[in-house]
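Quick notes on the structure that follows.
The values are calculated or read from the model by the stated rules, or taken from the named source; none is laboratory data. All of these numbers come straight from a predicted model, not from anything done at the bench. Using ideal geometry, Cβ is built from the backbone for each residue, glycine included, and neighbour counts are taken over all protein chains shown.
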């Protein structure tokens, strides 16, 4: 049971009186003992956000700034995980397929469902407050699905995006709105589906709409006031470096959106943020050249938004190969030398290792078991393209447009030294005809077919051997979109291609426990602890499930 | 009395109940009476004859997520229904829906003064009102405005959007004329003899979740509690009419009105 504070002095005013008024209006009598990090006391400091790996709290979408999603809570182990049991289920009415990763602060869980936010008692799943906001009508594509990946917290404030790209600041203790900033205007096709990231005293947000002809950007807002501090446009304006790819006003519709949270290295003071594919997706004739900075990893100065360096995974992409997958920060030995790395599995079918101090390409390995768009990656990190160009008749390309991997979270575990990620092997027929941009319509120009018959895998890539330790084919009726997390005790947790929440032995890939949640897991799990008791939580369908040992 | 007559009698009584629950001048107008009739016809079965919710549906009068919606939003909700299970009422026609929206606002705004307001219509000073809110009047000891204040009473950030100055002043000087408070303040005593008072956020057979005045949550197992008691009354002081001058009351009301109408919405491109 959580600690109960001692009540000091009088309370509960009765009949009004002159002498009683001071008590009535000055309820310091209701003050409780203040203790460090007590359950129920929401106050997240910048220092808290620097802790890695996550321990009892999970303070952001990816848990900590490295994006490794590897918890240090050690209660649940391969020896006792078979006793794991469901503790509670929370049902969110606003959408049918949640994409949120819950955030937990001091025993209180925050989840989002479309434009709504909820605070839950993380022990029981009961609702403490609910901030409701209507769905926005008339949005296109992903924003029109009203996905929302969750919240960020700083101090007693909670931050979330809405489907129409507003950044909300709520009081985390009550759900009341403090301020509301419309941060993506000028194009009806902007939306937002992500979770903000807090760095220092800034809130960082991006947008969706990369397949719909918007101009991508990453923006930073003052966490206290909501005033914009800087904005980095991912598509250069005329005259800027890379603008040769964007003749006339095509830069206004170039895509390159920043629709997933990035990572941050506080010692290098560098933000790492992935950008999406260029727009229009399949018609490269209107955007010659490499199409900077689409399908890139950007390294930015968080104080100014200045670009330090970039790495482009798929120059002049024609297959919807976003690069927004988590750039996981790993400090490890690479070829005998201890280095600061980024490890990331890209939609284009290659897993990459970069030096995160300068963006130098170190390594790439094909993980898509079927791949025909490139011969390989050269020693600068640039793909050797096979020149497959979508046309009116259609061209068969592998991986398919959904990519060999996608936004579902990967995890790096420093104990097993393995990088865990989900992959999907499929090909599709890519067709293209040049079309004009139009607000209110997508801007794929034109589409793909035939992705359905693919194979899903959960992969363990060993950083010591630079090879796969195991690759588990997923069996199930659905294409899986469940992300992954891991633990210091060597467990890997994820949602599979059926309706199971599964826990594996991370070294061997052998399943140790699973639970049928009765709906699709379209989100990435997390872990938290309350008074030493460890829980796993994952969003599945319209619900959030929490599990712990009895 | 025959059944048909009884039904008619009950309908008239119910209209009187609804209308008398909010005996404002507005409710007595033809559109108010028509709104009451339509409300009983289409809404009361789920939302209660007084609009404060029933087994099946939310309170339209006290729920913030209803009160803070625009008239256009309310129109659309009545017209299209909701994902949570409210049926669509498009078939009753747009005129009737407009009448219902108008009537909802009557229900939400509460009572009207029996006498015309005594004050001259000079706007209060919102800056003075803010100083009072956070100072002498100690409103912030219980309430919150835009994230500042305490947690033992409701958040007033949007209150001024749908309450005029007179209604706000009335709510301050005669708070208990409003019906049940929207927050429940409870006191729990643990089996070890410690006590705690706060706003009840959630309770069931197994747990009691409280929020104390400073915003902290206490998430408690009921099995550890010896007693849970509910004062059943609002903590709002009843003597503001004596403590604050009419000018000060106007200032506070103007502060609430301005804070709500000031757009918290910032367009970052401007």
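Restricting attention to region A:170-211, the residues that are assigned to a loop (DSSP other than H, G, I, E, B), touching a strand residue (DSSP E or B) at 6+ places or on another chain (Cβ under 8 Å) and in contact (Cβ under 8 Å) with a residue 40 or more places away in the chain add up to 19. Taking region A:306-362 and the strands (runs of 3 or more DSSP E) fully enclosed by it, the elements with 3 or more residues that are closer than 22 Å to residue A:53 by Cβ are at A:328-334, A:337-345, A:350-355.
Determine if region A:253-260 includes at least one residue that is surrounded by fewer than 21 Cβ atoms within 10 Å (Cβ to Cβ) and over 17 Å from the mean Cα position of the chain (by Cα). No, the conditions are met nowhere in region A:253-260.
Could you list all residues from region A:83-107 that are more than 14 Å from chain B (Cβ to nearest Cβ) and closer than 23 Å to residue A:154 by Cβ? Across region A:83-107, the qualifying residues are A:99, A:100, A:101, A:102, A:103.
Scanning region A:441-479 for residues that are under 20 Å from the mean Cα position of the chain (by Cα) and part of a loop (DSSP other than H, G, I, E, B) yields one hit, A:479. Here residue A:202 clears all of (1) in contact with a helix residue (DSSP H, G or I) (Cβ under 8 Å, 6 or more places away or on another chain); (2) surrounded by fewer than 24 Cβ atoms within 10 Å (Cβ to Cβ) except the condition numbered (1). Applying the criterion of being away from every other protein chain (no Cβ under 14 Å) and outside any helix (DSSP H, G or I) to the residues of region B:144-178, the residue that is surrounded by the most Cβ atoms within 10 Å (Cβ to Cβ) is B:163. For region A:135-143, the criterion of being more than 26 Å from residue B:82 (Cβ to Cβ) and either within 10 Å of another protein chain (Cβ to nearest Cβ) or under 21 Å from the mean Cα position of the chain (by Cα) (or both) is met by no residue. In region A:132-152 there is at least one residue matching the filter, namely being crowded, with 24+ Cβ neighbours inside 10 Å and part of a strand (DSSP E or B).
Among residues of region A:108-131 being part of a loop (DSSP other than H, G, I, E, B) and within 22 Å of the chain's Cα centre (by Cα), the one that is farthest from the other protein chains (Cβ to nearest Cβ) is A:115.
When A:172, A:182 are screened for being within 12 Å of another protein chain (Cβ to nearest Cβ) and over 19 Å from residue A:259 (Cα atoms), only A:172 passes. Taking region B:56-97 as the range and being at pLDDT 85 or above, surrounded by 17 or more Cβ atoms within 10 Å (Cβ to Cβ) and assigned to a loop (DSSP other than H, G, I, E, B) as the test, the residues that pass are B:60, B:86, B:89.
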